[in-house]
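Visitor: There's a structure below that I have some questions on.
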Ligand code: C2E
Ligand code: CA
Ligand code: CA
Ligand code: CA
C-alpha cells in the first residue's frame, strides 16, 4: 500500500461523521413521521398451498414521506433498531395491526392470522410480552389470530433471553414464527426448545428454484425438518408456478409471494377479504 498522509485519515473520519450525521437526520425524520402519521402497514396474503385458501397476512411497514415518497423498511428499520425509536415504532406496528385485524373481524370478514415482524432489540430491550398483552386487551383482537415473526438470527444470537420472552408470549396464546429460516445459523438444539408454530423459509432459497439444485435440496430439507419438529412451514418470495409446484410436491404448508400478490394497502386487502367472504 502507498504511504498515506494524515489527509487520508482525515478524509476517512469525515466520512464516518457524515454517515453518522445522515443516520441521526434519518432518525429524527422517522420520529417525526411516526408523530405525523406518515407510517402505514401493507398486508401480504399468506395462502394454504394445498387448497389456495387465504389463511393470513403479513403486516409490512411503509413510510410515505411527503417529499421522498415511499421509503423502504430495509432502510429505516436498521436506523430505528440502533436507537430507542424501535420501542415506540414496534409498539405502533403491533397496535395498528391488531386495530386493523379487529376492524376486519367486526366487519364479519373471513378470519385470518395477522403476522407482525419483531426485531431483535424489540425482543430483548422492550417488554414485548407485556406490550403485546396490553395491545390485545385494548383492541380486543384475539391472541390466537396474532403471529409474531422473529428472525432466526435474533434467536441464534440470544437464545436464552429469547426463550424467556417467547415462553411468555406463548402463554398469552400468540403464535410464533421463525423468520428468514436458513440464514441465521441457529443450533437445532436451541431451536427445539423454542415454543414455535411456524418456520418461514427465507426467500433467498426460493428465488432460484427450479434452476438451483442446491436451493431445492435446502428447501425440501427445511420442510422435512420443520415437519419433523411438529411445525408448519411457509415459503416466502414465491414468484412463479414452478416454485409453487415444487413446494407442493415437497408438502410445504403455506406460501406468500408476488405470484399470488404483492403486499397491499389495507384498503385493497379489505376488498380482497370481501371477495373471499362472498366465495
Ligand atoms: P421480511 O420480513 O423477510 O419480509 C419479506 C419481504 O419480502 C418484504 O419486503 C416483502 O415485500 C418482500 N416480498 C414479498 N414477496 C416477495 C416476492 O415474491 N419476491 C420478492 N423479491 N420479495 C418479496 P419489505 O416489505 O420491503 O420488508 C423488508 C424487511 O423489512 C422485512 O423482511 C422485515 O425484515 C423488515 N420489516 C418490514 N416491516 C417491519 C416491521 O413492521 N417491523 C420490523 N421489525 N421489521 C419490518
Ligand atoms: Ca417477516
Ligand atoms: Ca422473511
Ligand atoms: Ca428478510
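The values are calculated or read from the model by the stated rules, or taken from the named source; none is laboratory data. None of the values given here were measured: they were computed from a predicted structure. Every residue, glycine among them, receives a Cβ derived from its backbone with ideal geometry; neighbour counts consider all protein chains shown.
Visitor: Only residues in the stretch 236-263 that are over 15 Å from residue 204 (Cβ atoms) and free of Cβ contacts under 8 Å to residues at least 40 places away in the same chain count as the first member; pair them with residues that are within 16 Å of ligand 2 (Cβ to nearest atom) and assigned to a loop (DSSP other than H, G, I, E, B), Cβ under 6 angstrom, at least 6 apart or cross-chain, and list the lot.
Guide: If the second residue must be within 16 Å of ligand 2 (Cβ to nearest atom) and assigned to a loop (DSSP other than H, G, I, E, B), the pairs left are 259/238.
Visitor: Okay, next question. Scan the stretch 130-154 for residues that are without any contact (Cβ under 8 Å) to a residue 40 or more places away in the chain, within 16 Å of ligand 4 (Cβ to nearest atom) and within 14 Å of residue 197 (Cβ to Cβ) and jot them down.
Guide: Correct list: 148, 150.
Visitor: Can you pull out every residue in the stretch 151-167 that is buried (at least 16 other Cβ atoms within 10 Å of the Cβ) and touching a helix residue (DSSP H, G or I) at 6+ places or on another chain (Cβ under 6 Å)?
Guide: Matches in the stretch 151-167: 154, 155, 159, 162, 165.
Visitor: So in the stretch 187-204, with the set limited to residues that are under 11 Å from residue 222 (Cβ atoms) and in contact with a helix residue (DSSP H, G or I) (Cβ under 7 Å, 6 or more places away or on another chain), which one is farthest from ligand 1 (Cβ to nearest atom)?
Guide: Only one residue fits best here, namely 199.
Visitor: Under 9 Å between Cβ atoms, which residue pairs at least 6 apart in sequence (or on different chains) link something in the stretch 178-189 that is at negative phi and more than 11 Å from ligand 4 (Cβ to nearest atom) with a partner that is modelled with pLDDT under 80 and part of a loop (DSSP other than H, G, I, E, B)?
Guide: 178/184; 178/186
Visitor: May I pose another question? Might you let me know whether the stretch 206-220 holds any residue that is crowded, with 21+ Cβ neighbours inside 10 Å and under 30 Å from residue 134 (Cα atoms)?
Guide: Checked against the condition, which is being crowded, with 21+ Cβ neighbours inside 10 Å and under 30 Å from residue 134 (Cα atoms), the stretch 206-220 yields no hits at all.
Visitor: Please enumerate the residues belonging to the stretch 169-186 that are in contact with a helix residue (DSSP H, G or I) (Cβ under 6 Å, 6 or more places away or on another chain) and surrounded by fewer than 17 Cβ atoms within 10 Å (Cβ to Cβ).
Guide: Across the stretch 169-186, the qualifying residues are 172, 173, 185.
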